[in-house]
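Accompanying notes for the structure given below.
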Amino acid sequence: MFRYNTWLGGILGVSIVACNPSTQKDATMQNIDYPVTAKVAQVDDYHGTEVADPYRWLEVSDSSAVRDWIEAQNTVTFDYLAQIPYREALNKRLTTLWNYPKQGIPYVTEKYHIYTKNDGLQNQSIYYIKEGEEGKEEVLIDPNQLSKEGTVAVSGWSVSDDEKYFGYAISEGGSDWQRIQVMDLATKKLVGDPIEWVKFSGISWYKDGFFYGRYDQPEKGKELESKNEFHKIYYHKIGTSQSEDALIHEDKETPLQSFYVSVEEKEDIMYIYMPDGTGGNALYFKDLATEGDLQPIIATKEAENGIITTVNRKVYIITNHKAPKRRLVEVDLANPTPDNWKDIIPEGQYPLSGVSYAGGRFFVTFMKDASHLVSTYDITGKKLNDIQLPTLGTVGGFGGEEDAKETYYYFTSYLYPPTIYKYDIATNTSTEYFKPNIDFSTDGYETKEVFYPSKDGTKVHMFITHKKGLKLDGSNPTYLYGYGGFNISINPSFDTRVLPFLEQGGIYAVANLRGGSEYGEEWHKDGMLENKQNVFDDFIGAAEYLIKEKYTSKEKLSIAGRSNGGLLVGACMTQRPDLFAVALPGVGVLDMLRFHKFTIGWAWVNEYGSSDDKAQFNYLKKYSPLHNVTEADYPATLVYTADHDDRVVPAHSFKFIATLQEKHTGKTPVLIRIDVDAGHGAGKPISKQIAEWADIWAFTLYNLGIEKLPNTIEQ
């Protein structure tokens, strides 16, 4: 079964002409002397508008000057954090909370069960294998043995159809670059040399090898910032060197076109996705048995189209083509164009969030106000059952073979730790398979759902989690989180990282902003391109609602988001610096005029627009966080990023904090925390996650005016 996911996701030659003396001002309350950040005489002309970029030199990640600047900034930040009296207590509490056994959903083949386990504090989960559910458990791969600090992670894997080989991709230091290795499942020994310079790729097996995607090797020293262009699909035959791999597909005329391959080996069919950045995708297929030409299933890229399974030359696709809330269609490969598609599950009241296929039926997940509903259907589209879930929450899984008798899924919610269930297909019954034992009782907490008005009157949904019996007197420390982009929904999920904040009487609020997929493609479009300001208005509206209803006050309110959510925080804190006490922009897209010039940033142009276009430049500059920092009193700000982030390059955060330190007129701290040997977030070692979140909560609580924790932390 194939699971479709939306595709996310040399300047130092300029002479240094001036320093920034204002960054040395004394932040009297904390006595912070910020590092001096040099300026350069860099001015760019955008369609007749000149825009200064004095911290351009911070984009050169491999320069000694940038490394020295990182060290200086981290010294100031960690010196500040070390003075917070309960920082170490938070670290110990997070360590205790994180220290529980974890297990992943089993991947079941005809012969094997493959799954992950973590005894609690292992930096990376270990992969195990056994024959059948009752077989002897063996270690398949332990990523913790691949690096001393746990910074090497398994980022993807696949089993060959004949169950002979296990192919897996590893990434180092959080980078998106991958290296594929192959293991013989019978002997557990590696086969052949690794495949290098892989990025945004699966491992799609066919006969005695697999298809994968890669870029050409980048210039040495520029691996983490060079623009990724001319993606290619190769076929690697087991036992041969990478230099012998066959080039299967490329587009020499379109440097920014990427590809993704999936294969239905039993049907001898290869599918190639051709995405439009992180938006929709064209979809083609090729008959591998006859080695015919590529043929289009859908040649346009306006819609998202993902293959679920292929049965007897008929392919089942989840799509939002002519269906903003998505539908499941059957496509006859003898006549595959969209006019001939047949609805199996038509577009309905609720967005179709996901589909999987196992045991001869579809498991269909719908989304109602960001929570999941699950039903099963036969292959003709006849509804069979609803699957009863414990409460409002999020599900995932339901994979398996055509003849499977059972499947596995997980369920989670804000106060429901991720629990794995085994589902009997014939009887429509779920049995608890694995439930974690966490040192946290959820009995004293509750989650509410509310709707609040945005600036234009649009009703926006929000989850609010806190201790039972909360007094609405405006005094509660609050952590407001959002994302709002890329057609990604933020669904209820148990998050160990948030528990220390809840224990200290904090409120955890999650707003389901426009730009996501919570209500279908129209909700997404209302928060992208020229409509992006709606997302910021939705988030500001959430803050105003929490204050109006006396959950909190502006003196007790923190806002947070990562990646596109980092942009959200950066935009809101520069538009309304008066509304928040603390701002936490993580690995954020903060320079909206240059984001498309680095690594995979060009793929986000269909979501944001591009400064290369005059009309789009005009609205990007209006909200670009970097370009809207003025002389103002900003919230206490902790920007956080990592030196190996090649998804959203850390230069975004570097330039933003340098500008903020220059122009901030208030006494609150404006700092940056730069993780070393870490990336955008995926595969980050648990030890680094604990350290990061102890610092985030220490900074947040301290700058919400909490000098002593109200509740004792047991250590």
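When the residues of region 226-240 are filtered to those that are buried (at least 21 other Cβ atoms within 10 Å of the Cβ) and out of contact with any Leu (no Cβ under 7 Å at 6 or more places or on another chain), the one that is farthest from residue 167 (Cα to Cα) is 228.
Listed conditions (1) assigned to a strand (DSSP E or B); (2) among the β-branched types (Val, Ile, Thr); (3) surrounded by fewer than 17 Cβ atoms within 10 Å (Cβ to Cβ) are all met by residue 263, apart from (3). In region 673-692, how many residues are in contact with a Phe, Trp or Tyr (Cβ under 9 Å, 6 or more places away or on another chain) and not acidic (Asp, Glu)? Selection size over region 673-692: 5. What about residue 377, is it assigned to a loop (DSSP other than H, G, I, E, B) and touching a Phe, Trp or Tyr at 6+ places or on another chain (Cβ under 6 Å)? The answer is no for residue 377. If I ask for residues that are surrounded by fewer than 19 Cβ atoms within 10 Å (Cβ to Cβ) and assigned to a strand (DSSP E or B), which ones from region 284-335 would you list? Answer for region 284-335, where residues must be surrounded by fewer than 19 Cβ atoms within 10 Å (Cβ to Cβ) and assigned to a strand (DSSP E or B): 287, 295, 296, 311, 314, 330, 332. So in region 397-421, with the set limited to residues that are assigned to a strand (DSSP E or B) and out of contact with any Pro (no Cβ under 9 Å at 6 or more places or on another chain), which one is farthest from residue 450 (Cα to Cα)? Here the answer is 406. For residue 426, the criteria (1) aliphatic (A, V, I, L, M); (2) surrounded by fewer than 17 Cβ atoms within 10 Å (Cβ to Cβ); (3) in a strand (DSSP E or B) hold in every case but one, which is (3). None of 100, 128 is of a type in the set (Phe, Trp, Tyr), within 30 Å of residue 433 (Cβ to Cβ) and not in a loop (DSSP other than H, G, I, E, B) except 128.
Scanning region 136-162 for residues that are assigned to a loop (DSSP other than H, G, I, E, B), closer than 13 Å to residue 126 by Cβ and of a type outside the set (A, V, I, L, M, F, W, C) yields 137, 142, 150.
Yes or no: residue 71 over 24 Å from residue 699 (Cα atoms) and of a type in the set (Asp, Glu)? It is false that residue 71 is over 24 Å from residue 699 (Cα atoms) and of a type in the set (Asp, Glu).
Screening the candidates 95, 75 for the property of being modelled with pLDDT of 95 or more, outside any strand (DSSP E or B) and exposed (fewer than 12 other Cβ atoms within 10 Å of the Cβ) yields one hit, 75. Among the residues of this structure, residue 90 counts as one that is in the same structural domain as residue 652 (by TED's automatic domain parsing), aliphatic (A, V, I, L, M) and within 26 Å of the chain's Cα centre (by Cα). Looking across region 553-582, the residues that are more than 21 Å from residue 473 (Cβ to Cβ), more than 20 Å from the chain's Cα centre (by Cα) and of a type in the set (A, V, I, L, M, F, W, C) come down to 572, 573. For the residues 68, 62, the requirement of being assigned by TED's automatic domain parsing to the domain that holds residue 665, part of a loop (DSSP other than H, G, I, E, B) and within 24 Å of residue 226 (Cβ to Cβ) singles out 62.
Does residue 447 satisfy being exposed (fewer than 13 other Cβ atoms within 10 Å of the Cβ) and more than 15 Å from residue 547 (Cα to Cα)?
It is false that residue 447 is exposed (fewer than 13 other Cβ atoms within 10 Å of the Cβ) and more than 15 Å from residue 547 (Cα to Cα).
For beta carbons closer than 8 Å, sequence separation of 6+ or different chains, a first residue in region 134-161 that is acidic (Asp, Glu) and a second that is surrounded by fewer than 18 Cβ atoms within 10 Å (Cβ to Cβ), the qualifying pairs are 137/130; 138/130; 138/188; 149/687; 161/265; 161/266.
The values are calculated or read from the model by the stated rules, or taken from the named source; none is laboratory data. Quick caveat, the model's predicted, so the values are computed rather than measured. Cβ atoms come from the backbone with ideal geometry, glycine included; neighbour counts cover every protein chain shown.
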